[in-house]
Structures are given as C-alpha cells and as structure tokens.
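The structure's right below; bear with me while I get my questions together.
The values are calculated or read from the model by the stated rules, or taken from the named source; none is laboratory data. Being a predicted model, the structure only gives us computed values, none of them experimental. FYI the Cβ positions are ideal-geometry reconstructions off the backbone, even for glycines, and counts take in every protein chain you see.
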Amino acid sequence: MRAAHAAGRPVLVGTRSVGDSERFAALLAASGVAAVVLNAKNDAAEAAIVARAGQLGAVTVSTQMAGRGVDIVLGPGASEAGGLLVLGLGRYDSARLDRQLRGRSGRQGDPGGSVFCTSMDDDVVTENIVLGIGPRAVGTDGLIVDARFTELYAHAQRVAEGKVMALHRTTRRYYEATDRHRRIVLDVRDRVLTDDAALADHLGRIWGEDDERVRRWTGTAERRALAREVVLYHLDRGWSRHLNLLAEAREGIHLRVLGRQNPLDQFNLLATEDFRRVSDEVADAIGDTLDHAAADAVDLADLGLRRPSSTWTYMIADNPFGSEADRVLATLARVVRRGRPRAVRYT
C-alpha cells in the first residue's frame with residue numbers, strides 16, 4: 001500500500017466494521033498517510049466523498065456499507081498510476097460482499113487491482129471452525145505459505161455462508177404462519193374500507209341473524225364511517241396483541257426441542273390457535289363497542305377510544321440447539337472418531 005500511495009495510486013480500504021476502519025485510519029495517520037474515513041453515518045455526504053475516492057493520491061477507508069452503489073470514477077492521472085487499488089482487511093462472511101468490494105476497481109475497462117489481507121485469526125475463521133493443525137511453512141514476515149490454509153480460510157467462509165442461509169431458511173419457515181394471518185387481516189381491512197356490502201356482511205357475522213342491528217350501523221354514510229373506524233380499531237389492536245404473543249413465544253420456543261417436540265410445529269400450532277382466539281375477541285369487542293355507542297357519536301374519541309401512536313416491529317432468531325438430526329449426526333461423528341481430534345471442528 002505504501003508503494004501504491006507513493007506512486008499516487010488511489011486506494012480504497014475495505015473493513016468489516018466501523019471500529020476497524022477507525023483503528024486502521026489511525027495507523028495510517030501515524031505513518032504519515034492521511035485518509036478519509038467513511039462509516040455510513042452520513043449517507044449523502046459520504047456518497048460524494050466515495051465518488052472522489054478515485055482521485056490521484058486519495059486514500060479512503062470504508063466499511064462495506066459506506067458508499068454502496070456509488071461509481072468511483074478515476075481522476076486525472078489516476079489511470080497512469082495504476083488505477084484504483086482495493087485493499088480488503090479480512091473477508092466478510094459472504095463471498096458476495098468480497099466480490100462487491102473487489103468490483104469497485106477495474107470498472108468499465110479502467111485499470112485497477114485488489115488485495116485481501118487475511119489471517120487465520122479473522123472472525124470469519126474463529127467463529128466458524130476450530131483448526132486442529134498448524135501451518136507447515138510460515139515466512140519470516142508471518143505470511144503463511146501453506147496452500148492448505150488458503151482453502152481452509154475459504155472453507156470457513158463457506159461455513160459462515162451456510163449458517164446465514166440456514167438462518168434465513170428457518171426465519172422464513174417461522175414467518176410463513178404469520179404471513180398467512182397477515183394476508184387474512186389485510187384482506188378484511190381492505191374489503192371493510194372499500195365496500196359497504198363487505199362492511200354489512202362483516203357486521204352480520206358478528207351479530208348473526210339480528211338484521212336490525214346491522215341496518216342501524218349501515219343505513220347512513222355517517223354510521224358506516226364510524227362502524228368502519230370501530231372495526232379497524234379493534235382489528236388492529238387484536239393483530240398487535242397476536243404479534244406480541246408470537247414474539248414472546250418465539251423467544252423460548254426453541255426450548256421445546258428439549259422435550260422432543262418440533263419447535264416449528266409447536267410455534268405454528270400456537271400461532272393458529274391464538275389467531276382463532278383473537279378473531280373471536282375482535283368480533284366480541286366490535287359488537288360490544290357498537291352496541292354501547294351513543295346515538296350522537298361521530299368518531300372514536302366519542303367512544304372513548306384512541307389509536308396508538310407507535311408501530312410494531314419484531315425479529316425472529318434461529319434455534320440454538322439445532323435440529324434433532326444435527327444432534328444425532330454429531331453424536332455419531334464422535335463415536336466414529338473415538339475421541340481423536342480432527343483437522344477442523346465446527347463452532
């Protein structure tokens with residue numbers, strides 16, 4: 001990097017985290033190299049800085065997220081100096097992100113190059129495999145020249161990618177039940193909002209054969225408007241309560257595996273049962289609110305109701321115990337090895 005910078009070649013350094021970028025920039029400053037640090041804290045300003053990262057002699061230290069989607073155009077004289085040099089400090093958990101960083105240079109026929117500095121102590125290695133062997137050859141500068149370790153590093157990255165894919169697959173499976181329920185709720189909301197007949201039909205299912213109560217709330221535009229607000233109010237509250245229960249259940253659903261139960265099946269069963277219960281509670285609440293509404297009520301405030309001022313956000317995590325098949329295979333592997341260490345263990 002010193003040689004490239006001395007020749008005026010623009011350099012883009014990619015780091016895994018904001019902390020890494022700031023520490024490396026401090027090391028460069030101590031060596032007399034001034035660098036611009038980007039940490040995705042001000043997207044608009046930093047996009048302009050990244051766009052100037054191709055100027056002659058520029059040094060930019062950036063996380064993967066900073067400046068994404070910005071084309072780095074080489075400035076006058078930069079092509080003659082060798083073009084943009086991309087320096088990666090370690091690899092990401094996904095090879096796709098490495099390719100994105102590498103692809104910042106050599107665009108549209110411009111000259112450029114990329115170098116990744118990696119270590120077997122990088123997080124992508126230590127968090128995914130445990131090495132049971134050492135390198136056969138290490139240079140005086142600490143460079144590992146054992147070709148096996150290049151493949152082991154790439155293998156660790158593939159393991160990391162596999163973990164992410166498994167997490168996404170599990171997350172999607174847990175999301176499917178909630179997604180089905182969401183589509184039902186959104187369909188009801190849309191029909192009640194846009195169709196007077198759908199509103200009457202919805203109220204009819206709540207009150208059964210009592211047509212008089214339905215006509216009382218669908219006879220005029222004002223009554224229909226208030227009835228719609230009441231239906232949506234209780235429907236949204238019921239849906240929020242349902243999401244709250246699922247979020248709490250998801251926090252500990254993986255413990256069901258200790259009782260030889262499938263956490264996903266148990267979660268889907270719980271979600272289905274609670275959704276039916278919520279549907280009944282919402283219907284009862286709508287009927288009760290409209291039955292006790294004053295004749296001169298025109299909005300929710302007149303009924304003593306107020307919509308919440310916040311929205312709901314939830315996340316889904318993976319099963320930390322793994323599947324039963326995973327545990328069986330791990331046990332069989334220990335038996336086959338008979339306690340002998342292997343070159344690589346997975347974490």
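Failed condition for VAL214, given (1) exposed (fewer than 13 other Cβ atoms within 10 Å of the Cβ); (2) farther than 20 Å from ARG180 by Cβ, with all others met?
The failed condition is (1).
Going through ASP284, ASP326, ASP288 one at a time, which residue ends up being in a helix (DSSP H, G or I), at pLDDT below 80, charged (D, E, K, R) and over 25 Å from ASP179 (Cβ atoms)?
Going through ASP284, ASP326, ASP288 in turn, the sole match is ASP326.
Let me ask something additional. For the range 10-54, give me the residue count where each residue is assigned to a loop (DSSP other than H, G, I, E, B), within 17 Å of GLY103 (Cα to Cα) and in contact (Cβ under 8 Å) with a residue 24 or more places away in the chain. Write out each step before concluding.
Our first condition is that a residue be assigned to a loop (DSSP other than H, G, I, E, B); within the range 10-54, this holds for 10, 16-17, 31-35, 39-42, 52-54.
In the following step, the residues that additionally are within 17 Å of GLY103 (Cα to Cα) were identified as 10, 16, 52-54.
Remaining after also requiring in contact (Cβ under 8 Å) with a residue 24 or more places away in the chain: 10, 16, 53-54.
Residues meeting the conditions: 4.
Conditions (1) farther than 21 Å from SER17 by Cβ; (2) free of Cβ contacts under 8 Å to residues at least 24 places away in the same chain, marked per residue:
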site: PRO111; (1), (2): yes, no
site: MET120; (1), (2): no, no
site: ALA137; (1), (2): yes, yes
site: ASP141; (1), (2): yes, yes
site: GLU151; (1), (2): yes, yes
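Condition first: surrounded by fewer than 18 Cβ atoms within 10 Å (Cβ to Cβ) and over 30 Å from THR170 (Cα atoms). Now tell me which residues in the range 224-267 satisfy that.
ARG224, ALA225, GLU229, LEU232
Further question: Check the range 245-265 and report whether any residue there is aliphatic (A, V, I, L, M), modelled with pLDDT under 80 and outside any helix (DSSP H, G or I).
Looking for residues that are aliphatic (A, V, I, L, M), modelled with pLDDT under 80 and outside any helix (DSSP H, G or I), one finds none in the range 245-265, hence no.
Across the range 185-230, what is the number of residues that are without any contact (Cβ under 8 Å) to a residue 12 or more places away in the chain, assigned to a helix (DSSP H, G or I) and not small (Gly, Ala, Ser)?
Count: 11.
What are the residues in the range 9-32 that are farther than 23 Å from VAL124 by Cα and of a type in the set (Ser, Thr, Tyr), if any?
SER31
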